[in-house]
Structure formats: C-alpha cells, structure tokens
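K.L.:
Take this structure first; my questions come after.
The values are calculated or read from the model by the stated rules, or taken from the named source; none is laboratory data. It should be emphasised that the depicted structure is a prediction, and the values quoted were computed from it without experimental measurement. Here the Cβ positions follow ideal geometry from the backbone for every residue, glycine too, while neighbour counts run over all protein chains shown. Ligands, DNA and RNA are excluded from the accessible area calculation, which covers all protein heavy atoms including side chains. Shrake-Rupley method; radii C 1.70, N 1.55, O 1.52, S 1.80 Å.
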Amino acid sequence: MNQSVQLSDLLLTDIQPSQFYLSRQKLEQIQSWFDPSDLSNFVPCPVHLLGGHIVFTDGHTRAYAAFIAGLTKIPLTWEKATLSWDLYQKCVDACRLRGVNSIADLSNRILTAEEYETKWLGWCRKMQASAP
C-alpha cells in the first residue's frame, strides 16, 4: 500500500470500481437508511492500490448511493485482508473494457436481483473458476 496517498483527499470519482454492475435491491436497501448529512453510520469503503490506481474492493453500492446523493467524498479505509489481487485486476480490466472507470459510470448498470445474480455474480463465478 502506498501510505503517501491520503484517503481523505480522494474524490469518489477518482476511485476505480472493481465491479461493473449494481443490484437495484441492494441500492434501495442502502437508500432506506442512508443520510448524506450524517455519515456516522456509514461503514468506510475499503480500497487498495492496484496497478497504480486506487480501487474499491467492496462497498460499491454504498459509494454509488453517496455519489447520487451529491457527495464527493466518503469514509474510506485501506483494505486489510489479503485478497486475490490477480482476480481483482481481472475485475478492474473488465470494468475498464465496459467503460466503468469511476463510480459515476455505474448509473446505467443497475440490475434487478435476478439480472444481478446472472450477469454479475455469474460472471464472477466463471472468472474465479477459470483462475489457475
């Protein structure tokens, strides 16, 4: 991790997603409790420095809810878990191929629960199964 990057300085739109679809159901659940004027209940979204870019490792839907509520910054934290960074890089590459370079790019990529299961979770399962 590059600790010289100050997470508090990062704009939402500066962070690369590692997910190229969102669940409408999950977004609606978050919007039911989310208050953009009070982030005391907002669990910081984890990020990781990957290939020279700060990447969301989780919290895409919370980040998107904050973005559409007009926030430019949210609480962030460095990812503490050791994850499969090769698989995350594949996810980031797939996002970029689809034009998803910031949280703003997910606005036309919100799916029903059934579509999300097939198009996103199904894609993830296939990608993980094909990993060495």
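K.L.:
Check 56, 67 and return the single one that is open to solvent by 50 Å² or more (accessible area, probe 1.4 Å), among the aromatic types (Phe, Trp, Tyr) and within 20 Å of residue 105 (Cβ to Cβ).
P.N.:
Working: 56 fails: open to solvent by 50 Å² or more (accessible area, probe 1.4 Å).
67 is the lone residue from the list that is open to solvent by 50 Å² or more (accessible area, probe 1.4 Å), among the aromatic types (Phe, Trp, Tyr) and within 20 Å of residue 105 (Cβ to Cβ).
K.L.:
What are the pairs with Cβ atoms under 8 angstrom where one residue, in region 10-36, is under 11 Å from residue 102 (Cβ atoms) and the other, located anywhere, is modelled with pLDDT of 95 or more and exposed (fewer than 13 other Cβ atoms within 10 Å of the Cβ)? Sequence gap at least six, or different chains.
P.N.:
11/72; 12/72; 13/72
K.L.:
Mind listing whichever residues of region 111-125 are of a type in the set (Ser, Thr, Tyr) and in contact (Cβ under 8 Å) with a residue 60 or more places away in the chain? Reasoning before the result, please.
P.N.:
Kept after step one, since they are of a type in the set (Ser, Thr, Tyr), are these residues of region 111-125: 112, 116, 118.
Residues satisfying the conditions are 112, 116.
K.L.:
Here's something else I'd like to know. List the pairs whose first member sits in region 54-75 and is modelled with pLDDT of 95 or more and basic (Lys, Arg), whose second member is part of a helix (DSSP H, G or I) and surrounded by fewer than 20 Cβ atoms within 10 Å (Cβ to Cβ), and whose Cβ atoms are under 8 Å apart, counting only residues at least 6 apart or on separate chains?
P.N.:
Pairs that qualify, where the first residue is modelled with pLDDT of 95 or more and basic (Lys, Arg) and the partner is part of a helix (DSSP H, G or I) and surrounded by fewer than 20 Cβ atoms within 10 Å (Cβ to Cβ), are 62/30; 73/8; 73/12.
K.L.:
Would you check if there is a residue in region 36-52 being open to solvent by less than 80 Å² (accessible area, probe 1.4 Å), closer than 22 Å to residue 129 by Cβ and within 11 Å of the chain's Cα centre (by Cα)?
P.N.:
Scanning region 36-52 turns up no residue that is open to solvent by less than 80 Å² (accessible area, probe 1.4 Å), closer than 22 Å to residue 129 by Cβ and within 11 Å of the chain's Cα centre (by Cα).
K.L.:
If you check 84, 102, which single one turns out to be out of contact with any Lys or Arg (no Cβ under 7 Å at 6 or more places or on another chain), open to solvent by less than 70 Å² (accessible area, probe 1.4 Å) and under 17 Å from residue 20 (Cα atoms)? Full working, then the answer.
P.N.:
On the way: 84 fails: under 17 Å from residue 20 (Cα atoms).
Going through 84, 102 in turn, just one is out of contact with any Lys or Arg (no Cβ under 7 Å at 6 or more places or on another chain), open to solvent by less than 70 Å² (accessible area, probe 1.4 Å) and under 17 Å from residue 20 (Cα atoms): 102.
K.L.:
Name the residue that is modelled with the lowest pLDDT, counting only residues in region 114-132 that are small (Gly, Ala, Ser) and open to solvent by 40 Å² or more (accessible area, probe 1.4 Å).
P.N.:
So, considering only residues that are small (Gly, Ala, Ser) and open to solvent by 40 Å² or more (accessible area, probe 1.4 Å), the one modelled with the lowest pLDDT is 130.
K.L.:
Ok, one more. Among the residues of region 70-81 satisfying the criterion of being touching a strand residue (DSSP E or B) at 6+ places or on another chain (Cβ under 9 Å) and open to solvent by less than 60 Å² (accessible area, probe 1.4 Å), which is farthest from residue 33 (Cα to Cα)?
P.N.:
81
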